[in-house]
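The values are calculated or read from the model by the stated rules, or taken from the named source; none is laboratory data. The structure displayed is predicted, hence computed values, not measured ones. When we count neighbours, we look across all protein chains shown, and the Cβ atoms used for this are built from the backbone with ideal geometry, even at glycine.
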């Protein structure tokens, strides 16, 4: 009786014109976790994808659906999003990536088979499936390669995306399939398979590549051979490019040394000082500063929003953590979501549901990596790749 009432109540919320109420209905149905509740949840997907302005709502719905990716009908819903099958407007790429991540995180044979199907589809679907499987590597390769029985022979016509993925995964159980594809696949498959074998450390690729280079009349084949020889001959040691990083401690000193009026002037100056000023102003978060900070979090400049978020990591206001969660759920820029995850972890909330969700389902690898590092116990020196990098110093929890 209680479950029935909850489902009916959720249906009422789904009929509301309020986005917040519909999102609450998704969470309520997800918690019920009954066949009828999941049926209603899946049926809500098409309306949520019907208008581009409902993207944030669709993201919340997908997060809830990913919690139930064990369910075959839910898997089908996630697959439709992954491949962009929608009667309405084109599905946002970030939503398609979340759907792929949800399937990959499930790791069941049925889910992996759907991702394998996506790898054979159009370029975008294959790219999303590749990224998801790299984030959540499969336990078994047989369903990914297409062989339900490990002893069965692999297909001689795999997708290039699958062949490339096997090299990137670094799973040596792919040796047999890749070696066969080098001999029996079409030219493009053979070229990709030989490079994937090189990635797996198979030194037998070198004489094969040398023969291709000497005897093949195909320019594409000779180019592939050169890539394999170049990769096999390079040192595996990686070098990192040093980037300028402004220590958070130096930015914090601004919050102490400068007045709020000076910081506010710098934030609105559109000068290089605006980013550090936003960080410092957010670090001294208070009732008086909060209106301006909320404005900064709506800025069209993603880096300005991200620096404001990082400053909130040092806020003494308990409500700052709620703001960080809300911004994570709403912002499309990976730098901002990365900053939200780092800030929540810094505030002593490593098991925060937002951080756990980011580690599994965030569409950007930088954000997933930061979230996983936090869940593994990292509390300092978290940096993002690219032009955005601010290390956090060692510190104890901010939230009481």
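Looking at segment 10-41, which of its residues are out of contact with any helix residue (DSSP H, G or I) (no Cβ under 7 Å at 6 or more places or on another chain) and either part of a loop (DSSP other than H, G, I, E, B) or more than 17 Å from residue 65 (Cα to Cα) (or both)? Of everything in segment 10-41, those that are out of contact with any helix residue (DSSP H, G or I) (no Cβ under 7 Å at 6 or more places or on another chain) and either part of a loop (DSSP other than H, G, I, E, B) or more than 17 Å from residue 65 (Cα to Cα) (or both) turn out to be 12, 15, 17, 18, 20, 33. Tallying residues that are within 11 Å of residue 325 (Cα to Cα) and outside any helix (DSSP H, G or I) within segment 350-373 yields 1. Of all residues in segment 139-161, those satisfying the criterion of being modelled with pLDDT of 85 or more, in a loop (DSSP other than H, G, I, E, B) and surrounded by 16 or more Cβ atoms within 10 Å (Cβ to Cβ) are 141, 158, 159.
Taking helices (runs of 4 or more DSSP H) that fall entirely within segment 68-127, which contain at least 1 residues that are closer than 18 Å to residue 43 by Cβ and either modelled with pLDDT of 95 or more or more than 16 Å from the chain's Cα centre (by Cα) (or both)?
72-82, 93-106
Residues in segment 198-223 that are surrounded by 14 or more Cβ atoms within 10 Å (Cβ to Cβ) and either touching a strand residue (DSSP E or B) at 6+ places or on another chain (Cβ under 8 Å) or not in a helix (DSSP H, G or I) (or both): 200, 202, 216.
For segment 42-61, filtered to residues that are part of a loop (DSSP other than H, G, I, E, B) and without any contact (Cβ under 8 Å) to a residue 40 or more places away in the chain, the residue that is surrounded by the fewest Cβ atoms within 10 Å (Cβ to Cβ) is 51. Could you give me the residue pairs with C-beta distances under 9 Å whose first residue belongs to segment 15-27 and is at positive phi, whose second residue is buried (at least 17 other Cβ atoms within 10 Å of the Cβ) wherever it lies, and which are 6+ apart or on separate chains? So the pair list comes out empty. Report whether or not residue 178 is at pLDDT 90 or above, crowded, with 21+ Cβ neighbours inside 10 Å and touching a helix residue (DSSP H, G or I) at 6+ places or on another chain (Cβ under 9 Å). Criteria met by residue 178.
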